[in-house]
Amino acid sequence: MEYSKIVSVTGLPGLFELLSSKSDGAVVRSLEDNSSKFVSSRQHNFSHLESIEVYTNKDTTSLAELFEAMKKSKEKIPENTDDAKKLKTYFEKVYPDMDFERVYTSDMKKMIKWYHIIEKNKIEVKVKTAEEKEAADLKNAKQAHLENAHVKDLKPQQLNPKKIESRGVK
């Protein structure tokens, strides 16, 4: 199982592996009970863990970097996630650069829950280096440029053609 295929689904607890996607939703498998089901994109949103970022005092950091910090830390993960002070104290020791004014207690609870699920399923979390991030951004920018290259040569009527219907009025 790859970290890049792990998603969070709004309205559903836990994490899921993305098995296949369709225009109206996706087929996902729960990492907690291994049940598979179709989830409609009309009712739910999907967030790849790879794309989730956490606010820090300087900028943002990827969730993968936070998970790596949690893994390397010798601090014990709080068992009782209902205590906001314990959560904040834990993350201050593990990732002191986190912006605690913009990262809520509910977010910290979710991060700890997700970390446990990832560890239980033995999913290798890959942190992208700055070079890999830059290469991916450059690739995406080139792809967007190629897709939109023909647009500048078109006349305004060709960009958004509208069909004008006559209603028989002369």
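Some values worked out for this structure:
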item: Pairs where the first residue, in the stretch 39-51, is surrounded by 14 or more Cβ atoms within 10 Å (Cβ to Cβ) and the second is of a type outside the set (Phe, Trp, Tyr) and part of a helix (DSSP H, G or I), C-beta under 6 Å, 6+ apart; result: Leu49/Leu63; Glu50/Ser4
item: Checking Ser23 against (1) touching a strand residue (DSSP E or B) at 6+ places or on another chain (Cβ under 9 Å); (2) over 20 Å from Ile123 (Cα atoms); (3) exposed (fewer than 13 other Cβ atoms within 10 Å of the Cβ), the condition it does not meet; result: (1)
item: Matching residues in the stretch 22-35 - criterion: being part of a strand (DSSP E or B) and modelled with pLDDT of 90 or more; result: Gly25, Ala26, Val27, Val28, Arg29, Ser30
item: Residue count, the stretch 52-65 (criterion: assigned to a strand (DSSP E or B) and open to solvent by less than 70 Å² (accessible area, probe 1.4 Å)); result: 5
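One line per residue, one yes/no per condition, for (1) without any contact (Cβ under 8 Å) to a residue 40 or more places away in the chain; (2) part of a helix (DSSP H, G or I); (3) surrounded by 12 or more Cβ atoms within 10 Å (Cβ to Cβ):
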| position | (1), (2), (3) |
| --- | --- |
| Leu12 | yes, no, yes |
| Lys37 | yes, no, yes |
| Phe67 | no, yes, yes |
| Tyr90 | yes, yes, yes |
| Pro96 | yes, no, no |
| Val103 | no, no, yes |
| Met108 | yes, yes, yes |
| Trp114 | no, yes, yes |
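The values are calculated or read from the model by the stated rules, or taken from the named source; none is laboratory data. In this text the structure is predicted, and so the values were computed from the model without any measurement. Heads up, the Cβs are rebuilt from the backbone with ideal geometry, glycines too, and the neighbour counts pull from every protein chain shown. Heavy atoms of the whole protein, side chains included, go into the accessibility calculation; ligands, DNA and RNA do not. Shrake-Rupley method; radii C 1.70, N 1.55, O 1.52, S 1.80 Å.
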